[in-house]
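K.L.:
Structure below; questions to follow.
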Amino acid sequence: MPHAPRSGQLPAGPAEQLFQRACACAGQGRALEAAKLFVAVLQQEPDCFEAHCRLGVALRELNQLDEAVRCLEAAIRLRPSYPRLHLLLGAMHKQRGNLEAAAQCCRREIALDAGNADAHYNLGLVLQCLDRPAEAMAAYRQALALRPGHAGALINQSLLYQEQPDLDAAIACCQQVLRLEPAHAEAHWQLGTALLAKGEWERGWTEYEWRWKLKDFTTPAGEFSQPLWDGRELGGRRILLHAEQGYGDVIQFIRYAPLVAERGGEVLLGCPPALTGLLARAPGVSRVAPGRAGLPAFDFHTPLLSLPAIFRTTQATLPAKVPYLTPPKEVFPIGPAEAGCLKVGLAWAGDAKHKNDRNRSMALAYFGPLMDLPGVQWFSLQAGPRASDLAQAPWANRLTDLGARFVNFDQTASAVVQLDLVISVDTAVAHLAGALGKPAWMLLPFAGEWRWMVHRSDTPWYPTLRLFRQSQPGDWPGVMDRVRDALLAKR
């Protein structure tokens, strides 16, 4: 990230003294005091270029991005050709989500200095966010031509290659970074996901362990005084398996609990409260606790998604027998069944906080062409904020809304086992259906997650799942055409 410019001097006097005090506060991390002092400087010297720049940086640290942008724009009016200033403004626009403005700033910086590798790299980042992969790739190539071995450009090229998908090229980019920086966590992580998507699981699981070194990994690492389990015999001692990432990840990887128990351990599972009832019945699990706080005593611990590496899982040794979860005895009422109809549950959106949610979730409207199919009784399994999408659907009266009533996954599981088929995007509902051994059709974006591999309509993780992939980015209508044909064939 570019830094604030450092040049020019104020005339000796009160404004210069305020400026020095402001800089000292900024250097000590006292951004609010620094900002107030820079404002005082500008009240005396409105055309002080450095004060505008440094005030912008201080305001950015205070998350006052609109004001920070105005300060940088004022500085650019004073010195439009100052090095890296447009790049700093572009970074602020990107942080605000104003991607087109960020791209324009990067291009202005390139016009001033075509040899600035960071300007080309930042332009690539913005274009990638704008879903313009070919242009982003070109920008990264230019950055690499100017600075061979640019780690950020190579890693983002790897991401773009995975989305094509060209896994060999993605792997090569990561390996190039690691030859120069052997401990580069993000390169290891991207290498791991590419290897897993390619089916090279044993090596991929080892690389996947680097997730805990990432600065922005979705789950904080567990801070426990007990040792991390390495697969040794447990001899009756208690081991904590702690959840990470999303609900679907927990459902997918709790299948390893019986293998842990076979090593002689008493398995304590720490998981989100919504899953405790369902997973208390999972084979191998002795006890369940909500989350990581207030846990009973234990001797070892391990994150759930580290278990494939510990057991050196390959496709041949994957524990894939279903069902491995069971619904509760209490039946969640789904309403009367229509005679002779196929009962189908739908889920169209996952957690909005997921980094790829804009691609993996879909608009409910895409299901419209299915609603007129004869012999199908529709149920909504959509929970969370997106359950309200039904209110805008003109054919909402054709769906029985179950998801709005769910308070935990026990209820979802009870509903799912009463259905004939689940059709869902890549979210926890699809994992749950697979773990319950129910037929389910998963709707995948063009660039699906590593766990679904590539060019497959099935998955070794869940024998009852069928995958419907976009043939090109964003092509949900094409997916729904194939789903419609499959439903007609099923009837």
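The numbers here are math on the coordinates, done by the rules we state, and not lab data. Predicted model only: the values in this text are computed from it and were never measured. Neighbour counts are summed over all protein chains in view; Cβ atoms, including those assigned to glycine, are modelled from backbone coordinates with ideal geometry.
K.L.:
If I model a spin label at Arg466 and Gln392 as a point 7 Å from the Cα along the Cα→Cβ vector, what separation in nanometres do I get?
P.N.:
Once both label points are built, they end up 3.0 nm from each other.
K.L.:
Cα atoms only, region 394-491: Rg and Dmax in Å?
P.N.:
Cα only, region 394-491: 13.9, 38 Å (Rg, Dmax).
K.L.:
Considering every Cα-Cα pair within region 343-383, what fraction, in whole percent, is farther apart than 17 Å?
P.N.:
Beyond 17 Å sits 37 percent of the P(r) for region 343-383.
K.L.:
Given the Cα-Cα distance of Asp230 and Gln175 and 0.36 nm per residue of separation, how much length would full extension add, in nm?
P.N.:
Extending this stretch completely gives an extra 17.2 nm.
K.L.:
Mind checking the angle between helix 151-163 and the chain's longest principal axis? C-alpha axes, 0 to 90 degrees, to the nearest 10.
P.N.:
The angle comes out at about 30 degrees.
K.L.:
Okay, next question. Could you tell me the center-to-center distance, by alpha carbons, between region 270-316 and region 352-388 in angstrom?
P.N.:
For region 270-316 versus region 352-388, the Cα centre distance is 30 Å.
K.L.:
Given an 8 Å cut-off on Cα distances and at least 6 residues of separation, report the relative contact order of region 342-490 as a percent.
P.N.:
RCO, region 342-490: 23 percent.
K.L.:
Amide H of Asp401 versus every other amide H placed in the peptide plane: which residues, excluding those fewer than 5 positions away on the same chain, fall under 5 Å?
P.N.:
Ser380
K.L.:
Alpha carbon centre of region 82-148 versus region 183-207: separation in Å?
P.N.:
28 Å
K.L.:
Enumerate the calculated ³J(HN,Hα) couplings along region 287-299 in order (Karplus 6.51 cos²θ - 1.76 cosθ + 1.60, θ = phi - 60°), each rounded to whole Hz, writing x wherever the residue is Gly or Pro.
P.N.:
Rounded to whole hertz, the list is 7, 10, 10, x, x, 10, 8, x, 7, x, 4, 8, 10.
K.L.:
Mind checking the dipole of the chain: about its Cα centre, +1 per Lys or Arg Cβ, -1 per Asp or Glu Cβ, Debye to the nearest 20?
P.N.:
The calculated dipole for the chain is roughly 400 debye.
K.L.:
What is region 14-180's relative contact order, in percent, from Cα pairs under 8 angstrom and six or more apart in sequence?
P.N.:
The value is 11 percent.
K.L.:
Given the C-alpha atoms of region 236-385, compute the convex hull and give its volume per residue in Å³.
P.N.:
Per-residue hull volume (Cα only) is 172 Å³.
K.L.:
Show log10 I(q)/I(0) for region 14-180 at q = 0.11, 0.16 Å⁻¹, two decimals, from a solvent-free Debye sum over equal Cα scatterers.
P.N.:
-0.54, -0.91
K.L.:
Right, another one. Treating the angle as unsigned and between 0 and 90°, give the value, to the nearest 10°, between the Cα long axis of helix 14-27 and the longest Cα principal axis of the chain.
P.N.:
Helix 14-27 and the main axis of the chain meet at about 30 degrees.
K.L.:
Rounded if a/c is under 1.5, else prolate if a/b beats b/c, else oblate: with a ≥ b ≥ c from the C-alpha gyration tensor eigenvalues square-rooted, which is region 238-310?
P.N.:
Because its axes are fairly even, with a/c under 1.5, region 238-310 counts as rounded.
K.L.:
Follow-up question, since we're still on this one. Semi-axes of the equivalent ellipsoid of region 205-261: what are they in whole Å, largest first, if each equals the square root of 5 times a C-alpha gyration tensor eigenvalue?
P.N.:
Working through the eigenvalues yields semi-axes of 21, 15, 11 Å.
K.L.:
Less than 27 Å apart at the alpha-carbon level, and either on another chain or at least 8 residues along: which lysines does that give for Lys94?
P.N.:
Partners found: Lys36, Lys213, Lys215, Lys353, Lys355.
K.L.:
Counting alpha carbon pairs within less than 8 Å and at least 6 residues apart, what relative contact order, in whole percent, applies to the chain?
P.N.:
Result for the chain is 9 percent.
K.L.:
Tell me which residues come under 5 Å, amide H to amide H, from Ala289 once H is placed; ignore anything under 5 positions away on its chain.
P.N.:
Sorted by chain and number, the residues that satisfy this are Leu269, Gly270, Cys271.
K.L.:
Mind checking which lysines have their C-alpha under 21 Å from Lys490, skipping anything on the same chain fewer than 8 residues away?
P.N.:
Lys343, Lys438
K.L.:
Under the Karplus relation 6.51 cos²θ - 1.76 cosθ + 1.60, θ = phi - 60°, what is the ordered set of whole-Hz ³J(HN,Hα) values for region 173-185, x standing for Gly and Pro?
P.N.:
Those phi angles translate into 4, 5, 5, 5, 4, 6, 5, 8, 9, x, 9, 6, 4 Hz.
K.L.:
Amide H neighbours of Val376 under 5 Å, at least 5 residues apart or on other chains, H built in the peptide plane: list them.
P.N.:
Leu342
K.L.:
Just from its helices, what would the mean residue ellipticity at 222 nm be for the chain, if runs of 4 or more DSSP H residues each count -39500 (n - 2.57) and the sum is divided by every residue, rounded to the nearest 500 deg cm²/dmol?
P.N.:
After summing the helix terms and dividing by residue count, I get -13500 deg cm²/dmol.
K.L.:
Explain nothing, just compute: Karplus ³J(HN,Hα) = 6.51 cos²θ - 1.76 cosθ + 1.60, θ = phi - 60°, for every residue of region 457-469 in order, whole Hz, x for Gly and Pro.
P.N.:
Whole-Hz 3J(HN,Hα) from phi for region 457-469: 9, 10, 8, x, 6, 9, x, 9, 8, 10, 9, 10, 9.
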